[in-house]
Amino acid sequence: MGQSASTSGIPSSLNRRDNANPKLSRWMKNRSADEISVVPIEDSRICSYQSSDEVGEDADGAADLDLDPVDDCLDLISDLPDECLAHVFQSLGAGDRKRCSLVCRRWLRVDGQSRHRLSLDARSDIQILIPSIFDRFDSISKLALKCDRRSVSIGDEALVLISLRCKNLARFKIRACREITEVGMAELARNCRNLKKLSCGSCCFGARGINAFLDHAAALEELSVKRLRGLTDGADMEPIGPGAAASTLKTICLKELYNGQCFESLILGTKSLKTLKLFRCSGDWDRVLESISVDRVAGLREVHLERLQVSDCGLAAISNCLDLEILHLVKTPECTNAGLTSIAERCKLLRKLHIDGWKTNRIGDEGLAAIARRCSNLQELVLIGVNPTSHSIGLLTSNCRNLERLALCNSETIGDAEISCIATKCSALRKLCIKGCPISDQGMEALAGGCPNLVKVKVKKCRGVTSEGAEWLRSNRGSLAVNLDIIAAMEPQDAGASDGEAEEIGGEQQYPSVIKQQTAAADVPSSSSSSSRRSAFSKAKIGFLARRNFVASTIRRWSQSNSNPQ
């Protein structure tokens, strides 16, 4: 762009054109190297070499070469304000943005100032690079530090240095940084006064580190702790919280903790708690939930309980939260219809209910009927490993007029009759997911004449549904997206929520109206040796994964070709 260039820097393709035009070659030899600059013109067939002198002085030479004199090209990008250029950078992918930052110093500066999110490999040898990194990226508001478990992580000194450079940090994630102690966490909270979200996992600072942070985090709104080491039990247990964050904290998420009950003081002392998520934490949680009083958690609206030791007593305590809107019960085998009934009787604002019964059959018609009678605002219902009958399904479809998203997975009692009931009465239903249920093409035919607002149907591992039935449904409901996924019985059945049906049924993504049918080998040759059986199953699983990746990549290429027409 306007920089002088010698003939040696001219591309080889242009040199070949010079040799093909003797007049142009003689004119080039008469010009000094420092006077020549490459200037592109509108005609893409030739490239004009324009002198740095006035254009009129070379008009005769241009006429001899049959070339039109051109004005100096305007560098329109240089006229863009930094804000506009930063907006363009934010629309690029990570790779393109890195390449753009190498174009010139201005682009490097604008790229660094407009980056608000950064993730770093937090090994110890990065400490000497911290000043230069944050000199360039001086507007970071979201920072993630992740270290490999086999490497030595950064320590308190590096964390303090980072906190001094990132005064406007709002979100901070730290993973496997085992050298950081309570000293570094305290300094982080002191220096980053605007920090609103902290997520830490696989760290060793224990309860002291969390307390040191909470004592100075006056603006903290969300706390997520996963696999925190150093938590003790018994008489040596150190309670956590609430600290200075008691008045601002709104979300607490605890995952895979040993003796997570030490967070009881934090849960009970948080005045504005809205969301409580407990995943795979050991110990008895009924006592913690029973300690929750109406005055302390009157505003609690969302509760997630997954793989916990919690019973109906804990659910009865949660029912004191009269503003509860979202409840997830995932693989809590001690919860029964009685606990769900207590939730239904008092939490009448419930909008989303996810239940993974783990095929224990302790939650069924009785609990679901209570939900149907008292929670008329229900909009989303996910049932995994639960066996409701037409009685509770009929009550849910009749009383819950706002039900928009429904997922029925691995249920032995959901058949064509229940699907017909849903099609007849669920007028507001928009998304329906059916997995591992004994339905057939008759159920698909029932959907064709009901659920007028239905936009997507996903059917997976339902042996009675064929591609012909799905195609018939699609032909009768042209605007309906039908996703049919047929997989042979060799794939292990999982009644858990990890398959993605619960997440997908609650999402807002739009899918193309396609029908997908996948088939896998039905049988694996048996062998007397257990190792040969494992080998055969592994080969079959690898083949299935390869076939699934091929289908996904094909659909991805189709979508790219549709979005980028030639």
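Out of the residues in the stretch 187-203 meeting the condition of being assigned to a helix (DSSP H, G or I) and open to solvent by 10 Å² or more (accessible area, probe 1.4 Å), tell me which one is nearest to S151 (Cα to Cα). Talk me through it step by step, then tell me what you get.
At the first step, the residues of the stretch 187-203 found to be assigned to a helix (DSSP H, G or I) are 187-191.
Within this subset, residues satisfying the condition of being open to solvent by 10 Å² or more (accessible area, probe 1.4 Å) are 187, 190-191.
Values: E187: 24, R190: 28, N191: 27 Å.
Of everything passing the filter in the stretch 187-203, E187 is nearest to S151 (Cα to Cα).
How about the stretch 115-135: which of its residues are open to solvent by less than 10 Å² (accessible area, probe 1.4 Å) and in a helix (DSSP H, G or I)? Give the derivation first.
First pass over the stretch 115-135, keeping only residues open to solvent by less than 10 Å² (accessible area, probe 1.4 Å): 122, 130, 134.
Passing the criteria: I130, F134.
Tell me which strands (runs of 3 or more DSSP E) are completely within the stretch 250-365 and hold 3 or more residues being of a type in the set (A, V, I, L, M, F, W, C), or say none if there are none. Before the answer, list the steps.
Working: elements: 251-255, 275-279, 302-306, 326-330, 352-356.
Filter on the stretch 250-365 gives 251-255, 275-279, 326-330.
Kindly check whether there is at least one residue in the stretch 81-95 that is over 30 Å from the mean Cα position of the chain (by Cα), surrounded by fewer than 16 Cβ atoms within 10 Å (Cβ to Cβ) and free of Cβ contacts under 8 Å to residues at least 24 places away in the same chain.
Within the stretch 81-95, one or more residues are over 30 Å from the mean Cα position of the chain (by Cα), surrounded by fewer than 16 Cβ atoms within 10 Å (Cβ to Cβ) and free of Cβ contacts under 8 Å to residues at least 24 places away in the same chain.
Taking the conditions exactly as written (under 16 Å from L406 (Cα atoms) and in a loop (DSSP other than H, G, I, E, B)), does N387 satisfy them or not?
Numbers: under 16 Å from L406 (Cα atoms): yes; in a loop (DSSP other than H, G, I, E, B): yes.
Here the answer is yes, as N387 does meet what is asked.
If you go through the stretch 415-431 one residue at a time, how many are over 17 Å from S398 (Cβ atoms) and within 31 Å of the chain's Cα centre (by Cα)?
Taking the stretch 415-431 first, the residues over 17 Å from S398 (Cβ atoms) are 415-416, 430-431.
With within 31 Å of the chain's Cα centre (by Cα) added as a condition, the list becomes 430-431.
Final tally of qualifying residues: 2.
Picking from E238, E222, which residue would you name as being under 25 Å from L327 (Cβ atoms), charged (D, E, K, R) and touching a Ser or Thr at 6+ places or on another chain (Cβ under 8 Å)?
On the way: E238 fails: under 25 Å from L327 (Cβ atoms).
Step by step, each of E238, E222 is checked, and only E222 is under 25 Å from L327 (Cβ atoms), charged (D, E, K, R) and touching a Ser or Thr at 6+ places or on another chain (Cβ under 8 Å).
Somewhere in the stretch 136-143, is a residue at pLDDT 90 or above, of a type in the set (S, T, N, Q), more than 30 Å from R229 (Cβ to Cβ) and not in a helix (DSSP H, G or I)?
Yes, there is a match, as at least one residue in the stretch 136-143 is at pLDDT 90 or above, of a type in the set (S, T, N, Q), more than 30 Å from R229 (Cβ to Cβ) and not in a helix (DSSP H, G or I).
Taking the stretch 423-450 only, how many residues are modelled with pLDDT under 95, over 17 Å from G469 (Cα atoms) and open to solvent by less than 20 Å² (accessible area, probe 1.4 Å)?
Of the residues in that region, 1 qualify.
Quick check on this structure: which one of L340, L324, L350, L329 is open to solvent by less than 10 Å² (accessible area, probe 1.4 Å), touching a helix residue (DSSP H, G or I) at 6+ places or on another chain (Cβ under 9 Å) and over 19 Å from K274 (Cβ atoms)? Let's see the steps before the verdict.
Working: L324 fails: over 19 Å from K274 (Cβ atoms); L350 fails: over 19 Å from K274 (Cβ atoms); L329 fails: over 19 Å from K274 (Cβ atoms).
That would be L340, the only listed residue that is open to solvent by less than 10 Å² (accessible area, probe 1.4 Å), touching a helix residue (DSSP H, G or I) at 6+ places or on another chain (Cβ under 9 Å) and over 19 Å from K274 (Cβ atoms).
One line per residue, one yes/no per condition, for (1) in contact with a strand residue (DSSP E or B) (Cβ under 7 Å, 6 or more places away or on another chain); (2) hydroxyl-bearing (S, T, Y):
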{"position": "C204", "(1), (2)": "no, no"}
{"position": "D236", "(1), (2)": "no, no"}
{"position": "G241", "(1), (2)": "no, no"}
{"position": "T251", "(1), (2)": "yes, yes"}
{"position": "E256", "(1), (2)": "yes, no"}
{"position": "F263", "(1), (2)": "yes, no"}
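Looking at (1) touching a helix residue (DSSP H, G or I) at 6+ places or on another chain (Cβ under 9 Å); (2) over 20 Å from T341 (Cα atoms), can you tell me which one R430 breaks?
Only one criterion in (1) touching a helix residue (DSSP H, G or I) at 6+ places or on another chain (Cβ under 9 Å); (2) over 20 Å from T341 (Cα atoms) is unmet by R430, namely (1).
Suppose we filter D215, D236, D284 for residues that are free of Cβ contacts under 8 Å to residues at least 24 places away in the same chain and open to solvent by 30 Å² or more (accessible area, probe 1.4 Å); which single one remains?
Numbers: D215 fails: free of Cβ contacts under 8 Å to residues at least 24 places away in the same chain; D284 fails: free of Cβ contacts under 8 Å to residues at least 24 places away in the same chain.
Checking each option against the conditions leaves just D236.
The values are calculated or read from the model by the stated rules, or taken from the named source; none is laboratory data. As the structure is a computational prediction, the values presented were derived from the model and not from experiment. FYI the Cβ positions are ideal-geometry reconstructions off the backbone, even for glycines, and counts take in every protein chain you see. Surface areas here come from the heavy atoms of the whole protein model, side chains and all, with no ligands, DNA or RNA. Shrake-Rupley method; radii C 1.70, N 1.55, O 1.52, S 1.80 Å.
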